[in-house]
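See below for the structure under consideration.
The values are calculated or read from the model by the stated rules, or taken from the named source; none is laboratory data. Keep in mind the model is a prediction, meaning the values are calculated, not measured. Here Cβ is always computed from backbone atoms with ideal geometry, including for glycine, and neighbour counts include all displayed protein chains.
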Amino acid sequence: MIDDVGDIVSFYNNDPDREHLRLEQHRLEYDLTWRYFEHFLPPQGSILELGAATGRYTLELARRGYSITAVDMSKVLLGQCAKRIAEEGLGDRVKFVLADARDLSQVAHKSFDAVLLMGPLYHLVVKTDRQLAIQQAFSLLKDNGLLFSSFISRFGIFGDLMGDHPEWIENQAEVRSILEVGKDPGLLPHAGFRGYFARADEVALLHEELGFETLIVAGVEPAIAAEDESYNRLTGNWRRQWLDLLFEISTEPSILGASRHLLYIGRKPNRQG
């Protein structure tokens, strides 16, 4: 039986703009992810976006001419996404599907150029559920299609926790559980953020066991820990040059696990070759 994630739906429904605003505050994560999109995505094509939320990536992808199927398990978030798309007159480029990433039977198109799995894996605390979501993505990709999936890093989160919730360190049962198995120790579901925090060295193997060929594992906040404002303040040429440098070092193994978020890019092999 798959895990009940109704508490996660409620978590996002209670604050629909949470993820949209988070990516405004964490600009390096957003900018560096886009650098990878620009580097690997075909110039046009069909994209399945799992965990589209309020459309932070959906909107820009539509502006650039992609055909998108936007999927989310929250009707509230998907409604916000549809509103933003309609306001820019891009409704003909986006289809919306209310669904769980672990069951994509409602998705009509079956052969995408790329799948973005940019949020669901944050909350699938059971490994078989993570595998199921990746298998679903694999089945809907065309041969040589690309998967982009994101994870919260097990060790990269500590800077934010120390800054925002220093009292967390006193809950040693939770500290040890995060360190050892990557999730809270309590009975599930429960209120608030419930996540899975991945080790950098498990990400590629998880996908490869399910048939993907690994292209990249990157940290999308390399070398800045939890310090966003130094990057956010940059403008113009300085910002571009710093982004160039951080993109260059984003796959450096010695710092990978210190990024708060990890980005995996893999390819579905060509069955004819």
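Summary table
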read-out	value
Cβ-Cβ under 6 Å pairs, at least 6 apart or on other chains, the range 9-30 side within 10 Å of Leu77 (Cβ to Cβ), far side of a type in the set (D, E, K, R) and modelled with pLDDT of 85 or more	His20/Arg56
Top-ranked residue of the range 42-61 - restricted to ones that are in contact (Cβ under 8 Å) with a residue 40 or more places away in the chain and out of contact with any helix residue (DSSP H, G or I) (no Cβ under 9 Å at 6 or more places or on another chain), ranked as surrounded by the fewest Cβ atoms within 10 Å (Cβ to Cβ)	Pro42
Members of the range 88-123 found to be modelled with pLDDT of 95 or more, in contact with a helix residue (DSSP H, G or I) (Cβ under 9 Å, 6 or more places away or on another chain) and among the aliphatic types (A, V, I, L, M), listed by number	Leu90, Val94, Val97, Leu98, Ala101, Leu104, Val107, Ala114, Val115, Leu116, Leu117, Leu121
Restricting the range 1-41 to residues that are outside any loop (DSSP other than H, G, I, E, B) and of a type in the set (Val, Ile, Thr), the residue that is surrounded by the fewest Cβ atoms within 10 Å (Cβ to Cβ)	Val9
Conditions (1) among the hydroxyl-bearing types (Ser, Thr, Tyr); (2) closer than 25 Å to Ile8 by Cβ; (3) touching a Lys or Arg at 6+ places or on another chain (Cβ under 7 Å): number failed by Tyr231	(2)
Check on Val115, without any contact (Cβ under 8 Å) to a residue 60 or more places away in the chain, assigned to a strand (DSSP E or B), within 15 Å of the chain's Cα centre (by Cα) and under 30 Å from Thr69 (Cβ atoms)	no
Those residues of the range 226-266 which are part of a helix (DSSP H, G or I) and of a type in the set (Phe, Trp, Tyr), in sequence order	Tyr231, Trp238, Trp242, Phe247
Residue within the range 88-110 that is in contact with a Ser or Thr (Cβ under 8 Å, 6 or more places away or on another chain), surrounded by fewer than 19 Cβ atoms within 10 Å (Cβ to Cβ) and touching a residue at least 60 places away in the same chain (Cβ under 8 Å) present	yes
Lone qualifier among Arg199, Arg194 - being under 19 Å from the mean Cα position of the chain (by Cα), among the charged types (D, E, K, R) and crowded, with 17+ Cβ neighbours inside 10 Å	Arg194
Index of the failed condition, Ser67 passing every other in (1) surrounded by 14 or more Cβ atoms within 10 Å (Cβ to Cβ); (2) free of Cβ contacts under 8 Å to residues at least 24 places away in the same chain	(2)
Whichever residue in the range 228-273 is in contact (Cβ under 8 Å) with a residue 40 or more places away in the chain and among the hydroxyl-bearing types (Ser, Thr, Tyr) and, among such residues, is surrounded by the fewest Cβ atoms within 10 Å (Cβ to Cβ)	Tyr231
Residues that are assigned to a loop (DSSP other than H, G, I, E, B) and buried (at least 17 other Cβ atoms within 10 Å of the Cβ), drawn from the range 211-225	Phe212, Val220, Glu221, Pro222, Ile224, Ala225
